[in-house]
Amino acid sequence: MVHFLHPGLSPRTIVPPDAHKDDLGCGVAQEEASPYSLVNICLNVLVANLEKLCSERSDGTLCLPEHWSFPQELADQFVGVMTWQGKLTDRTASIFRGNQMKLKLVSIQKAKISTAAFIQAFCHHRLIELDATAVHTDLSIPDILSGLCSNSWIQQNLRCLLLDSASIPRNSRLLFFGQLTGLRILSVFSVCFHSEDLANVSQLPRLESLDISNTLVTNISALLTCKDRLRSLTMHYLKCLTMTKPQILAVIRELKCLLHLDISDHRQLKSDLAFHLLQQKDILPNIVSLDISGGSCITDEAVELFIQQRPAMQFVGLLATDAGYSEFFATAQDLRVAGGANMSQISEALSRYRNRSCFMKEALYKLFAETFATQVAMPAILKLVAIGMRNHPLDLPVQFTASACALNLTRQDLARGMPVRLLSEVTCLLFKALKNFPHYQQLQKNCLLSLTNSRILVDVPFDRFDAAKFVMRWLCKHENPKMQTMAVSITSILALQLSPEQTAQLKEELFMAVKELLAIVKQKTTENLDDVTFLFTLKALWNLTDESPAACKHVIENQGLTIFIQVLETFSESTIQSKVLGLLNNIAEVRELSSKLMTEDVVKHVSSLLHSKELEVSYLAAGIIAHLTSDKQPWISHDLQRRALLQDLYTTIQNWPSSSCKMTALVTYRSFKAFFPLLGNISRPEVQLWALWAMYHVCSKNPSKYCKMLVEEEGLQLLCDIQKHSEADPQAQHIAASLLDDFRMHFMNYQRPPLC
């Protein structure tokens, strides 16, 4: 028994896409709030059951059933889902051998597969795009190139190759891209890519887009080889360049076909290349997109003049600069700005720099300041924050700042305007950050604060077991009173959401939490302080002990009974009494512990509260008495007292209103199993009456839940037995018959054979 609760695209793109429409927030909200597509659901089921559906080859790899065949687009998505879920391995990648799948657009991002598995699974397909971003070191760039070049069709037709953050063995030197003659788009961001490799790549006959950001290139003069075809050049953070500014600008000046140029840099490096570029009048005549974020000495006037001289420009990156704040940028038509001056610029920055931690960090700082007092739900912005967290899981500044932004964007009322799926993603990312940075206290505080949101805590799917462990550990840190109150209130609700099996698995956390909660109750009682923390603490103990013998045992072993007697003697408010009695009810349901309640003080207070004018208090006191008196054995030397308690119980129940009366449910139950010994006790109609009254009461308030529970736990037969038993109490028979008759249609939804 428990307390009842009232209830964007990559910067490598040749021409920057129109990523931010006016209805972006609405679009994200609709997407996140919509059901998953049928294709997505089916692919997820396939991936989850791959081991069952496939046979095993002699080498231990998996093989699809022979008659299976996938359309090309679906096969591409299948690879993507496996990659996204981390399920693409040597064992599973083997399903792409042969011709059952026809792949064209393949993503193996962050996959851990060997060279042999890669070649056997993918290199015989007619691939036109391959994303091998951050693949495991088992599969190096030379091996990827060798595998791709083993297929003459791929050599001529592979259009896009993304190798960001992929590895190169130390003994490798020159990378041979020359055979991939069809290549149009190449990205080697954060790769050991040298000037000699650039010279090799620049000779590719169809190359149009190149990203050499954060590589070891010292000289870009080789780009002159492809000056008549290169349309997009990204060279963010080229830290090893040894050329002078005039030499670099001389090369850029020759790249007259460029539509997109990115020379952004880390703010700390104080690069002035962009400053000098802006002074040039005879450079980049056709430019559409220019990214100079992080550059030093950038002014609004210089940027404005540059753009005015090139009216075709659609995008400029100004994050981490002193530019972007003038009226020109607010009024310019068809010009998107990634910066920090306003929400539009910050949104663009979050979208465009999702893979660059230095700029993601900067954009999140700006976002935090901009949303500190926001009153408008912004699901599109929250989605971008989630993407930043997911893309940079080990970057503490990103995770910490993102967690603070998430709090700003999901405050109580704002969270109600967010799709549940999006809130779930953000909450799960917060807990992932906690695991990666277990000792960073402010990050933990932000996570705890997010869980105080009732929308998140009640409606949003996330790992509540992990959350409970985290909150219980925090509870025991003896933080300031405000944080303690939050931890206690969250514990009280999470306790309801854990299964009894999960609660049992908490072990050390459960023991420490119960001990700490009891200490809080004792302190507040001694201070005669029935504040909100005190009430939350009682509720947390009530809910934690529900169907948890371990928690009940911890309460008794830590002098809990003495503490609760003190509570009942100190406070007379019914809200406090009901919480204490609810907890004692949970202990009374545990057969091996119920005898611990048979003390003079406990029996005295419970029997007194049986006569309370508050029905909830009387009901809970009656439940304790029913459980304690149902077994005659412990009362052998106190039989008269037991008889008196039973008579008092019977009389009290007669004075209660009908169990179907119009009032809110007094309590809620996870199971009726604790009632069954009482129902089977024909010789003690008093305890039968309490159990039957309780069951009818909750069934009348929530028939769909409790009628199903009665059927599934096989409790209907006990009701039938009471109805038919010749020695059963007439009133008990009447309530049992009413239960079976009044809710017959509900029972029939779950049980087709006759009820009795």
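Name the pairs whose Cβ atoms lie under 8 Å apart, with the first residue in region 60-73 and within 20 Å of Ile128 (Cβ to Cβ), the second aromatic (Phe, Trp, Tyr) and surrounded by 10 or more Cβ atoms within 10 Å (Cβ to Cβ), and 6 or more positions between them or separate chains?
Qualifying pairs under 8 Å: Phe70/Phe78.
Would it be correct to say that Val555 is more than 28 Å from the chain's Cα centre (by Cα), at pLDDT 95 or above and within 21 Å of Val667 (Cβ to Cβ)?
Details: more than 28 Å from the chain's Cα centre (by Cα): yes; at pLDDT 95 or above: yes; within 21 Å of Val667 (Cβ to Cβ): yes.
Judged against the criteria, Val555 is a match.
So which residues in region 450-468 are over 14 Å from the mean Cα position of the chain (by Cα) and under 20 Å from Glu516 (Cα atoms), if there are any at all?
Result: Thr452, Ala468.
Keeping to region 517-562, report how many residues are part of a helix (DSSP H, G or I) and of a type in the set (S, T, N, Q).
Qualifying residue count for the region: 7.
Name the single residue, out of those in region 661-689 being of a type in the set (S, T, N, Q) and open to solvent by 40 Å² or more (accessible area, probe 1.4 Å), that is modelled with the highest pLDDT.
So the residue we want is Ser683.
Within region 91-130, track down each residue that is open to solvent by 60 Å² or more (accessible area, probe 1.4 Å) and farther than 20 Å from Asn40 by Cα.
As a first pass, look at region 91-130 and keep what is open to solvent by 60 Å² or more (accessible area, probe 1.4 Å): 91, 99, 102, 104-105, 109-110, 112, 119-120, 124, 126, 129.
Arg91, Asn99, Lys110, Lys112, Ile119, Gln120, His124, Arg126, Glu129, listed by residue number.
Going through region 690-727 one residue at a time, which ones are open to solvent by 10 Å² or more (accessible area, probe 1.4 Å) and either in the same structural domain as Thr651 (by the TED database) or not in a helix (DSSP H, G or I) (or both)?
Asn702, Glu713, Glu714, His725, Ser726, Glu727
Taking only region 213-225 into account, find how many residues are buried (at least 22 other Cβ atoms within 10 Å of the Cβ) and either modelled with pLDDT under 95 or part of a helix (DSSP H, G or I) (or both).
Total satisfying the criteria: 1.
Within region 318-337, which residues are in a loop (DSSP other than H, G, I, E, B), within 19 Å of Lys366 (Cβ to Cβ) and open to solvent by 40 Å² or more (accessible area, probe 1.4 Å)?
The answer is Asp322, Tyr325.
Please verify whether Ser58 is assigned by the TED database to the domain that holds Leu163, of a type in the set (S, T, N, Q), at pLDDT 50 or above and open to solvent by 30 Å² or more (accessible area, probe 1.4 Å), treating the condition exactly as stated.
Yes; evaluated as a whole, the condition is true for this residue.
Could you give every pair whose Cβ atoms fall below 6 Å, whose first residue belongs to region 708-719 and is among the charged types (D, E, K, R), and whose second residue is not in a helix (DSSP H, G or I), counting only separations of at least 6 or pairs across chains?
Lys708/Tyr750; Glu713/Phe672
Could you tell me whether Leu475 is in contact with a Gly (Cβ under 6 Å, 6 or more places away or on another chain) and either within 25 Å of Glu600 (Cα to Cα) or assigned by the TED database to the domain that holds Ile587 (or both)? If you could, list the steps in order and put the result at the bottom.
On the way: in contact with a Gly (Cβ under 6 Å, 6 or more places away or on another chain): no; either within 25 Å of Glu600 (Cα to Cα) or assigned by the TED database to the domain that holds Ile587 (or both): yes.
Criteria not met by Leu475.
Looking only at region 469-513, count how many residues are open to solvent by less than 10 Å² (accessible area, probe 1.4 Å) and more than 23 Å from the chain's Cα centre (by Cα).
Number satisfying all stated conditions: 2.
Scanning region 160-182 for residues that are within 23 Å of Asn355 (Cα to Cα) and out of contact with any strand residue (DSSP E or B) (no Cβ under 6 Å at 6 or more places or on another chain), which turns out most open to solvent (accessible area, probe 1.4 Å)?
It comes out as Ser165.
Regarding Val514, is this residue in contact with a Ser or Thr (Cβ under 7 Å, 6 or more places away or on another chain), more than 25 Å from Phe676 (Cβ to Cβ) and part of a helix (DSSP H, G or I)?
no
Scan region 296-317 and report the pairs whose first residue is in a strand (DSSP E or B) and whose second residue is among the acidic types (Asp, Glu), with Cβ atoms within less than 6 Å and a gap of 6+ or a chain change.
Gly317/Asp291
Please state which of the following conditions Arg591 fails to meet, knowing it meets all the rest: (1) of a type in the set (Lys, Arg); (2) surrounded by 13 or more Cβ atoms within 10 Å (Cβ to Cβ); (3) farther than 23 Å from Gln559 by Cβ.
Condition (3) is where Arg591 drops out.
With the structure loaded, tell me whether Ile185 is farther than 23 Å from Lys102 by Cβ and among the β-branched types (Val, Ile, Thr) or whether it fails that test.
Here the answer is no, as Ile185 does not meet what is asked.
Hey, among Ser612, Ser658, which residue is in a loop (DSSP other than H, G, I, E, B), under 19 Å from Tyr696 (Cβ atoms) and open to solvent by 20 Å² or more (accessible area, probe 1.4 Å)?
Sole residue among the options that is in a loop (DSSP other than H, G, I, E, B), under 19 Å from Tyr696 (Cβ atoms) and open to solvent by 20 Å² or more (accessible area, probe 1.4 Å): Ser658.
Residues Glu614, Glu600, Glu573, Glu592: which one is within 27 Å of His734 (Cα to Cα), of a type in the set (Asp, Glu), over 38 Å from the mean Cα position of the chain (by Cα) and assigned by the TED database to the domain that holds Gln523?
Exactly one residue qualifies, and that residue is Glu614.
Pairs, please: C-beta under 8 Å, at least 6 apart or cross-chain, first residue farther than 18 Å from Leu241 by Cα and open to solvent by 10 Å² or more (accessible area, probe 1.4 Å) and in region 197-212, second in a strand (DSSP E or B) and of a type in the set (Ser, Thr, Tyr)?
Glu208/Ser232
The values are calculated or read from the model by the stated rules, or taken from the named source; none is laboratory data. Since the model is a prediction, treat every value here as computed from it, not as a measurement. When we count neighbours, we look across all protein chains shown, and the Cβ atoms used for this are built from the backbone with ideal geometry, even at glycine. We work out accessible area using only protein heavy atoms, side chains counted, and drop any ligands, DNA or RNA first. Shrake-Rupley method; radii C 1.70, N 1.55, O 1.52, S 1.80 Å.
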